[in-house]
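Just so it is clear, none of the values below were taken in a lab; they were calculated from the coordinates. All values reported here derive from a predicted model rather than from experimental measurement. When we count neighbours, we look across all protein chains shown, and the Cβ atoms used for this are built from the backbone with ideal geometry, even at glycine.
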Amino acid sequence: MAETLQFDLVSPERMLTSVAATEVQIPGAEGDFTAMPGHAPFLSTLRPGIVSAVTDQGEVKYVVTGGFAEVTAQSVSLLAERSVPASELTQPTYDEMLADLRKAAGEATGDSADSAGKLVNDMVAVGHQLGLNTAAA
């Protein structure tokens, strides 16, 4: 395998993965980005989206609802609010994730209401990408 970086994805429930990857695509709050070995160090918040990592076993994908990313030249560490392997995401789990975001958006006020609405739209887009029913929740 070509030059790699360490990729770790953790949610409050469990460690989802800890593998060597050649690249990790991340849904950052300010826009999607790809981290590769030698990347400049930085921190970013996450928005709802799909994290994709290229490993020696192929491409693996995870759905995240938010959180934080720390990128260094040798590693990517994601601390997700909630994350599920995309291959394991069921319609009921997706509905619950979307309902939680919609509830938070409904409780937000002012500028944070606009931001919360965007997060809901991002999660709806994830559902569309994965072929899930986005109207149920």
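Values as computed for the structure displayed
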| item | result |
| --- | --- |
| Choice from Asp100, Asp122, Asp114 with maximal GNM fluctuation in the chain (Cα, 10 Å cutoff) | Asp114 |
| Choice from Ala108, Ala21, Ala116 with maximal GNM fluctuation in the chain (Cα, 10 Å cutoff) | Ala108 |
| Size of electric dipole in the chain: Cβ of Lys, Arg +1 and of Asp, Glu -1, about Cα centre, debye, nearest 20 | 180 debye |
| Estimated FRET transfer efficiency (Gln57, Ser77; beta-carbon r; R0 22 Å; 0.05) | 0.65 |
| Tilt relative to the chain, helix 110-130 - C-alpha long axis, 0 to 90 degrees, to 10 | 70 degrees |
| Helix axis angle, 91-107 relative to the chain longest principal axis, alpha carbon, degrees | 70 degrees |
| Residue with peak Gaussian network fluctuation, the chain [Cα springs, cutoff 10 Å], from Thr22, Thr109, Thr55 | Thr109 |
| Two-decimal Rg/Rh across the chain, once Rg and the Kirkwood Rh are taken from alpha-carbon atoms | 0.98 |
| Label-zone membership for the range 1-37, site Ala108, 7 angstrom Cα→C-beta point, backbone N under 14 Å | 29-30 |
| D_trans [Stokes-Einstein, Kirkwood Rh over alpha-carbon pairs] for the range 5-86, 4 °C, 1.567 mPa s, µm² s⁻¹ | 107 µm²/s |
| Virtual spin-label span in nm between Phe42 and Ser87, 7 Å along Cα→Cβ | 3.1 nm |
| Solution diffusion estimate, µm²/s, Stokes-Einstein, the range 90-130, Kirkwood Rh from C-alpha pairs, 4 °C, viscosity 1.567 mPa s | 126 µm²/s |
| Rounded FRET efficiency, nearest 0.05, which uses the C-beta distance separating Glu3 from Asp32 and R0 of 22 Å | 0.50 |
